[in-house]
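Please read the structure below before turning to the comments.
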Amino acid sequence: MKKLWHNGLFYTMESEGETVDSIITEDEKILKTGTFESLLSFLEGEQFEKINCNGKIGFPGFIDSHLHLIGHGEAMNRVDLSKCQSYEEMLDRMKKVVKDAHPNEWIVGEGWNENEWESKAVFQVDDLNSLSSTNPLVLKRTCRHVYFVNSLALSHAAINEQMQIDGGQIGCFEDGRLNGLLYDEAVNLIIKAMPAPDDQYLSKAIISAIKDCYQYGIVGAVTEDLSYYGNANLVIDLYERLLNEVPFHTHVLIHHTTLDEVKGRLHKGNKNVSFGGVKAFIDGSFGGRTALLEKPYDDNQSITGLQVTSLEKLEVITKKARENGLPIAFHMIGDLAVKQAIDVVKKYPNQTQLPDRFIHCALLSPKLIEEMKELNIVVDVQTSFIYADYPWLVERIGQRRNEFAYLIKTLINESIAIANGSDTPIDTINPWQGIYTAVTRKAKDGRAYNIEEAISLYEAIKLYTIDSAASFRQEDKRGLIKEGYSADFILFDENPFELEKDDLLYVKCSETICRGNIVYKSHD
């Protein structure tokens, strides 16, 4: 049956300020938009359901251009360390969970960030060992590029002092003993040692994550999660099946280690799943000082970051992606990592319909931007990172380089395609933090950083709607309130365009409609 959604103010996002007050949906699609009177006339003589939107403000459903959907669901079901204010509080939170755990059960904590702590701490593996000698403990830093683990976890992963890890580091004390810290590729040894999750575990994580997305008006996402859970095809199978029950669209990136495993079933996409670029990590993160920089870190002149994937291997991965008719999707935080990505895609140009994904590009330069303009790429930005990365990021890279950090307005002005996402569970799933920081450039300390890179509210919402859909070439199906598009839209009690900029951080979604059905109401 057709549905007539009326008495709303729907921003179509086709152009700035364009609105309609009513929408007709049918069979998961938007059939027609316009005025209430014109749509009533269109439906004359037909049976339809009339839905009063009670004056609420509507937008197209949000699409997160870069996250880890299963990882978000996992984090929701694990020990939350993101609010800890000290090393001691983190240990105390883990201690409480260990007390109720079964012997040999792996216990995972998520989200610690030493930059948020009240005082500096020295990480000691013995501190974790004192919590449990029968449970492997894994504490993931907010960036997930650094793990803090106990000796039992190290033993399960067969990690010792003599090991050398390509693209990773194993933390040691000055006397050579392991300190429990693992960096970048070294964390994969822990992931491989952990019990492989079954379909029940993964299903719970997927459903938990999607239902949480609904609360924020998110109806689709570009996700990267094929390499962390054993059987990559099982993940695809679950997306194909479960997303009929909890409607959502996943554009799945293909980690380079899983390409051979899944390439036989890649397709252009259906309403549940489509497939994207081949994923690899060039570098790490600012927080762990493993982002690759052209020049040393200002707060540690002895390091320039970590080469997670060697230049030779980047070439192999890119060449193989091209041979399979696929774009690449490379993680690059530092300016040197961006340069390496540019060099390799110039050597192996992208001839596919989908753009190459340059993920993060948190530190750029005028020269890099000029080169990026010539490439078939989309830049996955995470403006929400601004909120937590300052003021400490200035200490890491210095004030001069900071002028080229988290460039947004510049990329738009240079006509380089961008889309916005959260990198959840690395950061909050809430798109309004990303919108707020894109518009105000304000961090948690209330200060604005690189204010000249601020964009308009219309531009910021566009990055979560039609621009995000365009990043995987579905701008003809999603991201607008328009005839023929998926019936995905979200409602708000207040009009974001009428709010003070500082109040954007607190905007709440009232209702989420996906494929023509209400999947979330705030009073539920």
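None of the figures in this text is laboratory data; all of them are computed from the coordinates on show. The shown structure was predicted, so the numbers you read here are calculated from the model rather than taken from an experiment. Every residue, glycine as well, gets a Cβ built from its backbone with ideal geometry; the counts of neighbours run over all protein chains shown.
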Fill in the blank from the handout: Sorted on mean Cβ neighbours within 10 Å (highest first), peptides 505-512, 452-459, 38-45 come out as 505-512, 452-459, 38-45
Practice task
At 7 Å along the Cα-to-beta-carbon direction for both residue 191 and residue 246, put a label point, then send me their distance in nm to one decimal.
Solution key: 2.1 nm
Practice task
State whether the stretch 69-193 is rounded, prolate or oblate according to the following rule on the C-alpha gyration tensor (a ≥ b ≥ c being the square roots of its eigenvalues): a/c under 1.5 gives rounded; otherwise a/b larger than b/c gives prolate, and the remaining case gives oblate.
Solution key: rounded
Practice task
Just check the chain against the gyration tensor rule for me: Cα atoms, a ≥ b ≥ c as the square roots of the eigenvalues, rounded for a/c under 1.5, and otherwise prolate or oblate depending on whether a/b exceeds b/c.
Solution key: prolate
Exercise for the section: Mind pulling the angle between the C-alpha long axis of helix 335-347 and the longest principal axis of the chain? Nearest 10 degrees, somewhere in 0 to 90. Expected result: 70 degrees
Handout entry: Value of relative contact order over the stretch 362-425, rounded to a whole percent, pairs C-alpha under 8 Å and six or more apart
Key = 55 percent
Exercise for the section: Rank the residues 274, 486, 130 as a footprinting-exposure proxy: fewest other Cβ atoms within 10 Å of their Cβ go first. Expected result: 130, 274, 486
Practice task
Apply 1/(1 + (r/R0)^6) to the Cβ-Cβ distance of residue 198 and residue 41, taking R0 = 51 Å, and write down the FRET efficiency to the nearest 0.05.
Solution key: 0.40
Exercise for the section: Order by neighbour count: 106, 5, fewest other Cβ atoms within 10 Å first, most last. Expected result: 106, 5
Completion exercise
Pairs over 19 Å Cα to Cα, from 211/508; 29/477; 83/211; 279/320, come to 83/211
Problem - the stretch 69-193 - charge dipole about Cα centre, Lys and Arg +1 at Cβ, Asp and Glu -1, debye rounded to 20 - result: 340 debye
Handout entry: 0 to 90° range, to nearest 10: angle between helix 311-323 axis and the chain longest Cα axis
Key = 30 degrees
Practice task
Find the relative contact order for the chain and round it to a whole percent, using C-alpha pairs within less than 8 Å whose residues are 6+ positions apart.
Solution key: 17 percent
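With the Cα gyration tensor of the stretch 316-387 giving a ≥ b ≥ c as the square roots of its eigenvalues, does the rule (a/c under 1.5 for rounded; else a/b larger than b/c for prolate; else oblate) give rounded, prolate or oblate?
In terms of gyration-tensor shape, prolate.
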